[in-house]
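Peer 1: Below is the structure I would like to discuss, written out as structure tokens.
The values are calculated or read from the model by the stated rules, or taken from the named source; none is laboratory data. Nothing here was measured: the structure is a model prediction, and the numbers come from that model. Note that we place each Cβ from the backbone using ideal geometry, even for glycine, and neighbour counts take in every protein chain shown.
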Amino acid sequence: MPSTSVSAAAVTSASLSQVWDRFNDVGTWAGIGLAEEVFDPEFVDGRLAGFAWTTRAAGITYRGTAGFTIWENPSRLSFDLVNTEITGTIAISTTDDTAGTALEVTVEARSVGLLASMFFPVIAQALQNGLAGQVENFALRLAADAGSAD
């Protein structure tokens, strides 16, 4: 089945600790990679462990689940996204930056269903064209959210 991998970087003015605090909020993950909407968070020992998500493709809304596979505060995390048509991984590395926190985001997506495989070139192109903007918006949201928490 077809697959793609796309990376983008940005810097947020939020501190490293503020960023990692926000990573524990399910709402943080809306609009990154495949996940358009996120809800139904699952917590284990006070840390976000997973959530439900949806995305639209070819006029159809697909619901899936996400589960964190790596949570190494303050340097990197990763979670898997799974639904009947597309699976993927979102990996984020974070480092201190003079302006706040540097973010490196990698999204991998794989078609697992027949419908998604037919539309996968469109999905892959959307990720290629859109991830940089998604990551920039993510960085801005993290900074705005960090500012409102102070």
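Peer 1: Say we look at region 62-114 and pick out the residues that are within 21 Å of residue 17 (Cβ to Cβ) and of a type in the set (S, T, N, Q); which of these is surrounded by the most Cβ atoms within 10 Å (Cβ to Cβ)?
Peer 2: 101
Peer 1: Could you list, in sequence order, the residues of region 15-35 that are farther than 19 Å from residue 132 by Cβ and small (Gly, Ala, Ser)? Before you say what the answer is, go through the steps one by one.
Peer 2: Let us first name the residues in region 15-35 that are farther than 19 Å from residue 132 by Cβ, namely 15-18, 20-27.
15, 17, 27 - these are the residues of region 15-35 that are farther than 19 Å from residue 132 by Cβ and small (Gly, Ala, Ser).
Peer 1: Tell me, yes or no, whether region 127-137 has at least one residue that is β-branched (Val, Ile, Thr) and either at pLDDT below 95 or over 16 Å from residue 33 (Cα atoms) (or both).
Peer 2: Kept after step one, since they are β-branched (Val, Ile, Thr), are these residues of region 127-137: 135.
Imposing the further condition that a residue be either at pLDDT below 95 or over 16 Å from residue 33 (Cα atoms) (or both) reduces the set to none.
The answer is no; no qualifying residue exists.
Peer 1: Also, I was wondering about something else. Tell me which residues, restricted to region 61-76, are at pLDDT below 95 and among the aromatic types (Phe, Trp, Tyr).
Peer 2: Listed by number, the list holds a single entry, 62.
Peer 1: Continuing with the same structure: Can you spot a residue in region 130-146 that is touching a residue at least 12 places away in the same chain (Cβ under 8 Å), among the basic types (Lys, Arg) and more than 19 Å from residue 30 (Cα to Cα)?
Peer 2: No, there is no match, as no residue in region 130-146 is touching a residue at least 12 places away in the same chain (Cβ under 8 Å), among the basic types (Lys, Arg) and more than 19 Å from residue 30 (Cα to Cα).
Peer 1: Do you know which of the residues in region 1-30 that are within 13 Å of the chain's Cα centre (by Cα) and buried (at least 17 other Cβ atoms within 10 Å of the Cβ) is nearest to residue 120 (Cα to Cα)?
Peer 2: Per the stated criteria, the residue is 6.
Peer 1: Another question, if that's okay. Tally time: how many residues in region 27-60 are within 21 Å of residue 108 (Cα to Cα), modelled with pLDDT of 95 or more and in contact with a Phe, Trp or Tyr (Cβ under 6 Å, 6 or more places away or on another chain)?
Peer 2: Counting residues in region 27-60 that are within 21 Å of residue 108 (Cα to Cα), modelled with pLDDT of 95 or more and in contact with a Phe, Trp or Tyr (Cβ under 6 Å, 6 or more places away or on another chain) gives 3.
Peer 1: Going through region 11-28 one residue at a time, which ones are hydrophobic (A, V, I, L, M, F, W, C) and in contact (Cβ under 8 Å) with a residue 40 or more places away in the chain?
Peer 2: Within region 11-28, the first condition is being hydrophobic (A, V, I, L, M, F, W, C), and the residues that meet it are 11, 14, 16, 19-20, 23, 26.
If the condition is that a residue be hydrophobic (A, V, I, L, M, F, W, C) and in contact (Cβ under 8 Å) with a residue 40 or more places away in the chain, then 11, 14, 16, 19, 20, 23 are the ones that fit.
Peer 1: Which condition breaks for residue 75 when tested against (1) touching a helix residue (DSSP H, G or I) at 6+ places or on another chain (Cβ under 6 Å); (2) over 19 Å from residue 127 (Cβ atoms)?
Peer 2: (1)
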